[in-house]
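S.K.: Let me begin by handing over the structure; questions about it come next.
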Amino acid sequence: MKAEQALEKLTNIPPNHLNIMGYIHRSEVNGPGRRAVVWLQGCLRECPSCFNPASWSFEENQILSVDELVKWVLHEPENEGITFSGGEPFWQATALAKVARQLKAHGLNVMSFSGFTLEELQKESAPTNSQALLDQLDILIDGPYVDSLAIHEPTSPVSSRNQRVYVFNPALADRITWASDQIEVHVFKDGSRLVTGYRSHQSE
Ligand code: SF4
């Protein structure tokens, strides 16, 4: 599917809603502590050896509202935050910024992966409202997965050497220690499976 056609699909998502690939209530391998993870549907990069190619399509998969996602996350009081993964979270930055704002008001922290670099996200050509989402983030892990730069170390918080960890919230500076040497297997409602955590590289 051409990029224009793919991105046109984004306009079919109702306001204040998200098109997600999957959601898990708790994970300990996708950021500091115990946290919810949502995988956004849609990515244009097609990185070789992508861990999660089922997330590339921009076709409608599971549509849920900002309020519904916030409610799901808050239903797990032991969670300290949420991680946005994908797919490419920033294609849905407008709604995700709203999710982040609401969860931060409840004291949770917010982390996101992105196939874009931080510099790309700060340009005018970035997906709509990227800066609004950046403004809400406590941690950003940026850059696409590059197979030739893969890091085969279970203690690394990134999958390939080009990726960078930005800790925007100093309170989390010493929390880049999640159990990346563990693997979690998640089964979504449609029966599809997603393995997340350290293998040869992380899913984004
Ligand atoms: S590795 Fe990440 S950025 Fe690359 S295609 Fe997969 S989801 Fe997209």
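The values are calculated or read from the model by the stated rules, or taken from the named source; none is laboratory data. Keep in mind the model is a prediction, meaning the values are calculated, not measured. With ideal geometry, Cβ positions are generated from the backbone for all residues, glycine too; neighbour counts draw on all protein chains shown.
S.K.: Within the range 47-73, track down each residue that is more than 16 Å from the ligand (Cβ to nearest atom) and either of a type in the set (A, V, I, L, M, F, W, C) or at positive phi (or both).
M.R.: ILE63, LEU64, VAL66, LEU69, VAL70, TRP72, VAL73
S.K.: Output the residue which, of all residues in the range 143-164 that are surrounded by 14 or more Cβ atoms within 10 Å (Cβ to Cβ) and farther than 21 Å from GLU46 by Cα, is modelled with the highest pLDDT.
M.R.: Out of the qualifying residues, it is PRO157.
Yes/no per residue for (1) at pLDDT 95 or above; (2) more than 14 Å from the chain's Cα centre (by Cα); (3) assigned to a loop (DSSP other than H, G, I, E, B):
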{"position": "LEU64", "(1), (2), (3)": "yes, yes, no"}
{"position": "ILE82", "(1), (2), (3)": "yes, no, no"}
{"position": "PHE90", "(1), (2), (3)": "yes, no, no"}
{"position": "SER112", "(1), (2), (3)": "yes, no, no"}
{"position": "GLY115", "(1), (2), (3)": "yes, no, yes"}
{"position": "LYS123", "(1), (2), (3)": "yes, yes, yes"}
{"position": "LEU134", "(1), (2), (3)": "yes, no, no"}
{"position": "ILE141", "(1), (2), (3)": "yes, no, no"}
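S.K.: Which pairs do you get when a residue that is within 19 Å of LEU74 (Cβ to Cβ) and touching a residue at least 40 places away in the same chain (Cβ under 8 Å), found in the range 95-120, comes within reach of a residue that is within 14 Å of the ligand (Cβ to nearest atom) and hydrophobic (A, V, I, L, M, F, W, C), reach meaning Cβ atoms under 6 angstrom, with the pair 6+ apart or on two chains?
M.R.: Every condition considered, the pairs that remain are LEU96/PHE84.
S.K.: Starting from residues that are in contact (Cβ under 8 Å) with a residue 24 or more places away in the chain and basic (Lys, Arg), keep the ones in the range 1-26 and report whichever is farthest from the ligand (Cβ to nearest atom).
M.R.: Filtering first and then ranking leaves ARG26.
S.K.: Read through the list (1) under 17 Å from SER55 (Cβ atoms); (2) modelled with pLDDT of 95 or more, then give the number of the only condition that LYS189 fails.
M.R.: The single condition LYS189 does not satisfy is (2).
S.K.: Then there is this: Report, by residue number, each residue of the range 27-46 that is within 16 Å of the ligand (Cβ to nearest atom) and among the charged types (D, E, K, R).
M.R.: Passing the criteria: ARG45, GLU46.
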